[in-house]
Every structure is written in C-alpha cells, then in structure tokens.
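The values are calculated or read from the model by the stated rules, or taken from the named source; none is laboratory data. Not measured: the values here are computed from a predicted model. Cβ coordinates were reconstructed from backbone atoms using ideal geometry, including for glycine residues, and neighbour counts include every protein chain displayed.
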Amino acid sequence: MPREIQVKSVLNKSKRRDDWFLDDYTFNPYSSCAFNCLYCYIRGSKYGSNLATSISVKANAIPLLDKQLASRARKREYGYIVISSATDPYLKIEKDYEVTRRALEIVLKYRFPVHILTKSDLVIRDFDLLKEIDEKAILPSEFKDVPGRGVLLTFSFSTLDDPTGKIFEPGATSPSLRLEVLEQAIGSGFHSGVSMMPLLPYISDTTESLDHMFSSFKEAGARYVMPATITLFGSDKADSRTLMLKAIAKHYPALLSKYEKFFSNSVELPAYYRSAFYRKMKAMSTEYAIPDRIVN
Ligand code: SF4
C-alpha cells in the first residue's frame, strides 16, 4: 500500500517555460514513481534504489489544486500544466486512487491546457475528459495558433524494443503497447507525439534503432518527436549512474568500458558525442518530416 501524504502545494509555477515541454506549471499527483526507470533523474537517496517501494499518494492534492487553479484563473494566468514532471500520472495505483483523473476534472473546470507526459497505456481511460479539455481550454495568447490545442499528449520512449525496455524501465507499459496507444491517441484526434528522452548510447541511438523508431513513430502519425541524450548522476547505490552501470555490466558487458569512460567524471555524454547526436536528430527529423519540437 502506498503511503498517503499531505502536501503544501501541488501546482508549481515554472520559473521559465521549457522549449520542449512548454510547461507554465507542473502537477505531480504522486511522489516517486513505480515505473522505476534506471536512468530517472529523480533518483537518489531520497527514494532508495527501488522507486516502487517509496510511492506516496498526495492525499490532499485535489482540494489544493482546486484552490491554486481558482486563484490563477481569477488572474487569468492561463498556461500549460505538465502532468507530470517527477512521476508518471498513470501508474497502476492510479486505477484505485484516481488522483490524476480527479485533477483533470479540476483542470477542465478552470479551463487550463495540459501537457500529459506518460509511459502508460492507462491514459486511454481519460480520453473522454481530455477531449473536453482539448476543446475548452484557454490557451496563452502565443499558443493560440500553434499548437492551438488544449491537450498535448506525449509518450516517452528510451527504446522501442520490449526486452530492452524491461531492463531499463522495468515497471512501465511495454514500448510496443505504448506505440499502439500513441496510434490510438492520434486516431482519437489528439495532438500527440513522442519524447525520446533519454536515448541509450550504443543501444537505442544506433542508426538501425533510430530508423526503426522514427519510421514507427511516423507510421503511428506522431506530430512531433523530441530526442535527447542521457544524463546520469551519483555514485550511491540508489543513484542513476550506479544503477545504469550495473545494468550495462550485466546485460551489455561489451559496452561497460564506454559507459564508464563517458560517465566517470561527467553527468553528461562528451560534447563531441552530443553535437553529433543532435546533428543526426535534426537530419532524421527532416528525413522523416516530423518536427523535433512541439512548437518550432
Ligand atoms: S516514468 Fe518518468 S518519473 Fe517514472 S521512473 Fe521513469 S523516468 Fe522517472
């Protein structure tokens, strides 16, 4: 059973809207994340090495969100609410707790736009509410034409290969099912796309894997594809760098020396690797005619 906690705030105003996610606000219904991705940036001693065992439900999230959004709406401070930035809004426990669903009802009540970020098929359950938000949301003036939509629905992938997904994102919906849900979202009329964040060096950022990913997303009808390189932190047993290196040693021993070299003194891949990566992504986005941003 997850713990229930009381929080002081659930709607966080972003200091600066990010070019990728267009976040004016963030809302996280849960603390920690049962999907347990080894590369997750929320990792660290706060949650322990198994994120699934440290999940908490924000028990007072709904009345608090109602109060905070009412105040923003009174001042007409409309903007995209990213759901979620530090957990997945559609964890299995959402089936029982419905914090995300009830939050969307509040979002609809105050007519805010949302950007859903998920690795789960459970989002299908809320297509009815999301449809209404898409039609009724009040957009910030700069977004009235592009994207011109009250709902952005982004599915995250670090790979499209199910066995690889099982190693690095053990609790998430399989990538193949996620791809089907992306297709359903597009078929249902949503402005939906993909974040490839992070791609896994020498595993899912190879030319063969990238061609497979871009062509699959194109076929599914993705409106955008946002790729990024990996960042790994820390040397404690619960840190992303430790967990990733352990998984690489076990499942990809031939790559271990490369990963160790890259991340021994840095949280990021070397500059030459990153610039080659982003050049390649620009070229692929052009080749497949899928924008690499929601708003270019
Ligand atoms: S789904 Fe997102 S928040 Fe959850 S563990 Fe994976 S990267 Fe972290």
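Given (1) within 20 Å of PRO198 (Cβ to Cβ); (2) away from the ligand (no atom under 16 Å from the Cβ); (3) touching a Leu at 6+ places or on another chain (Cβ under 9 Å), identify the lone condition not met by ASP19.
Of everything listed in (1) within 20 Å of PRO198 (Cβ to Cβ); (2) away from the ligand (no atom under 16 Å from the Cβ); (3) touching a Leu at 6+ places or on another chain (Cβ under 9 Å), ASP19 misses just condition (3).
How many residues are surrounded by fewer than 23 Cβ atoms within 10 Å (Cβ to Cβ) and under 24 Å from PHE277 (Cβ atoms) when one looks only at region 143-159?
Total meeting the criteria: 2.
Which residue is nearest to the chain's Cα centre (by Cα), if the candidates are limited to region 83-113 and must be more than 19 Å from GLN68 (Cα to Cα) and in a helix (DSSP H, G or I)?
The selected residue is GLU94.
Of ALA137, ALA185, ALA172, which residue is at pLDDT 95 or above and within 15 Å of the ligand (Cβ to nearest atom)?
ALA172
From LEU91, LEU69, LEU51, LEU65, grab the single residue that is within 30 Å of LEU243 (Cα to Cα) and modelled with pLDDT of 95 or more.
Residue meeting the stated conditions: LEU91.
In region 23-48, how many are buried (at least 18 other Cβ atoms within 10 Å of the Cβ), assigned to a loop (DSSP other than H, G, I, E, B) and either more than 11 Å from the ligand (Cβ to nearest atom) or free of Cβ contacts under 8 Å to residues at least 40 places away in the same chain (or both)?
3
Mind counting the residues in region 124-162 that are out of contact with any helix residue (DSSP H, G or I) (no Cβ under 9 Å at 6 or more places or on another chain) and without any contact (Cβ under 8 Å) to a residue 40 or more places away in the chain?
7
If I go through region 114-128 residue by residue, how many of them are under 30 Å from THR159 (Cβ atoms) and either in a helix (DSSP H, G or I) or more than 16 Å from the ligand (Cβ to nearest atom) (or both)?
Residues flagged as under 30 Å from THR159 (Cβ atoms) and either in a helix (DSSP H, G or I) or more than 16 Å from the ligand (Cβ to nearest atom) (or both) within region 114-128 amount to 8.
From the list LEU65, LEU69, LEU91, pick out the single residue that is crowded, with 22+ Cβ neighbours inside 10 Å, farther than 28 Å from GLU142 by Cα and either within 14 Å of the ligand (Cβ to nearest atom) or in contact (Cβ under 8 Å) with a residue 24 or more places away in the chain (or both).
Every option except LEU91 fails the conditions.
Could you count how many residues in region 94-113 are within 16 Å of the ligand (Cβ to nearest atom) and under 29 Å from VAL146 (Cβ atoms)?
So the count comes out to 1.
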